[in-house]
Amino acid sequence: MWMLVPVAFALKLLSIFLQPLGSVWSSLGPLFLQLRAASWLAGGERSRLLQSRREAGEPSRAEGEGGGDLPTTPTSVNYHFTRQCNYKCGFCFHTAKTSFVLPLEEAKRGLLMLKEAGMEKINFSGGEPFLQDRGEYLGRLVKFCKQELQLPSVSIVSNGSLIRESWFQKYGEYLDILAISCDSFDEQVNVLIGRGQGKKNHVENLQKLRTWCKEYRVAFKINSVINRFNVDEDMKEQINALNPVRWKVFQCLIIEGENSGEDALREAERFVISDEEFEAFLDRHKDVSCLVPESNQKMRDSYLILDEYMRFLNCRNGRKDPSKSILDVGVEEAIKFSGFDEKMFLKRGGKYVWSKADLKLDW
Ligand code: SF4
C-alpha cells in the first residue's frame, strides 16, 4: 500500500502541470483527500494488525515496524500481597523482608486499575497468602476479583498448611485454580527443605486438599521446586494419583537479596542444581502429561510480579528491583520498569486455559 502512494502522487502531479492553471485547484483538492485517506488507512492497518496480534496471543510491542511501542498489557499478574510465611524453605525467593500488607480497600483499588489495564488472570501468592487474617483477607480479594471484576481466572499459590474446609465453603466458588507447593513425597526431604510443620504431614495434607478441590469444584495444581534434595526423586506415581490439571516444575533459582547475598534471609546456594540435573529430572518424568517445566531462564523475566506495595519487581539483573507503586503512578507508568518479557511469557505457555469454566474438568 505504502509503495503505491509515491508513484500515484508523482503521476498525478505530472498530469496537473499538463492542465490549464484554472483546473489545478480542482485537481489538488481530491489529491490531498486521497493522501489523507491513504495515511489514515495505513494507521488503521497498523492498529488492526496490533489488535489481531494481541488476540492471537502475540506480544503487543510493534517491533520492527518503525513505530512506537504499545504499553505492555498486564494480562496475567502475580500479586504477592504478603511476605510473611509459616514455613522456612531454604531456597525461598520471596522472603519475609517486611510485614506490610495493604489495607483491603487499597488492594481492591489496585486490582481494579489492573483490570482496566487489561488484566485477565490474577494469582495471589506470598509468603503464605492464607496467613493474613486466617484466610479472610485472601477470600475477600478472590471474591472481589471474580464477582465484581469478573476476571476469567483467579488463582492462588499456597503451601497448603493453613487452608480449612470452611474457606472452600465460603470462597471456593470464586476460585478457579489452587496451586499447592510440594517438592517431595518423602516427608524427611520436606523437613530438610524447610517445609516441615511440626506434627503436620505435608504429603497427607496435600491429599486432603486434593479431595476438597474436587468437592468444591476448584482446579487443583501442584508446584515443585527441583533442588539438591529432591533432584533424584521419582514422583511419577504420586503425581499421577493426585491428577492435577498442571504440575509446574521449577528449577531452583538464585535471587540476590532474597536467597543469596549479604542482606538475604536465606542462603540457597546449597540447593542449586545444574541445568543438566534439571533436564535429567524432566526426562525421568517425561510421561507425566500435566508436567509444565520451567527453567531459570524462563522464570526470570516472564512473570509480572507485584509486591506487597503493588510495585512491579524487575528480576532482569538477578535481583528484584521495584518500580513505583501502581497506586501512585498508575499501571502504564509502573509496568515500564517491570522487566517483563512478553515474548518469553507466551513462549513458556503463560497463556493457557485458565478459567475453570473452560477447563471442562471431570471433577
Ligand atoms: S512456603 Fe513458599 S513463601 Fe513460604 S518459605 Fe516456603 S517458598 Fe517461601
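The values are calculated or read from the model by the stated rules, or taken from the named source; none is laboratory data. A quick note: this is a predicted structure, and the numbers were derived from the prediction, not measured. Here the Cβ is made from the backbone with ideal geometry for all residues, glycine too, and neighbour counts use every protein chain on show.
Couple of notes before you dig in:
- Filter result for Q238 (surrounded by fewer than 19 Cβ atoms within 10 Å (Cβ to Cβ) and in contact with a helix residue (DSSP H, G or I) (Cβ under 9 Å, 6 or more places away or on another chain)): yes
- Output for segment 243-271, where each listed residue is within 14 Å of D183 (Cβ to Cβ) and more than 19 Å from the chain's Cα centre (by Cα): A268, F271
- For segment 81-100, a residue qualifies if it is surrounded by fewer than 20 Cβ atoms within 10 Å (Cβ to Cβ) and either closer than 14 Å to Y309 by Cβ or without any contact (Cβ under 8 Å) to a residue 40 or more places away in the chain (or both), and the qualifying residues are K97, T98, S99, F100.
- Of all residue pairs spaced 6 or more apart or on separate chains, those with beta-carbon atoms under 8 Å, a first member in segment 202-223 that is farther than 16 Å from R246 by Cα and surrounded by fewer than 20 Cβ atoms within 10 Å (Cβ to Cβ) and a second member that is modelled with pLDDT under 95 and aromatic (F, W, Y) are V203/F185.
- Selection status of N86, within 16 Å of the ligand (Cβ to nearest atom) and not in a loop (DSSP other than H, G, I, E, B): no
- Against the conditions (1) farther than 22 Å from G261 by Cβ; (2) outside any strand (DSSP E or B); (3) free of Cβ contacts under 8 Å to residues at least 24 places away in the same chain; (4) not β-branched (V, I, T), K324 satisfies every one except (2).
- Matching option when the condition is in contact with an Asp or Glu (Cβ under 7 Å, 6 or more places away or on another chain) and either touching a residue at least 24 places away in the same chain (Cβ under 8 Å) or among the small types (G, A, S) (or both), among R270, R319: R319
- In this entry, T75 is excluded by the filter for residues that are buried (at least 16 other Cβ atoms within 10 Å of the Cβ), within 16 Å of the ligand (Cβ to nearest atom) and under 20 Å from the mean Cα position of the chain (by Cα).
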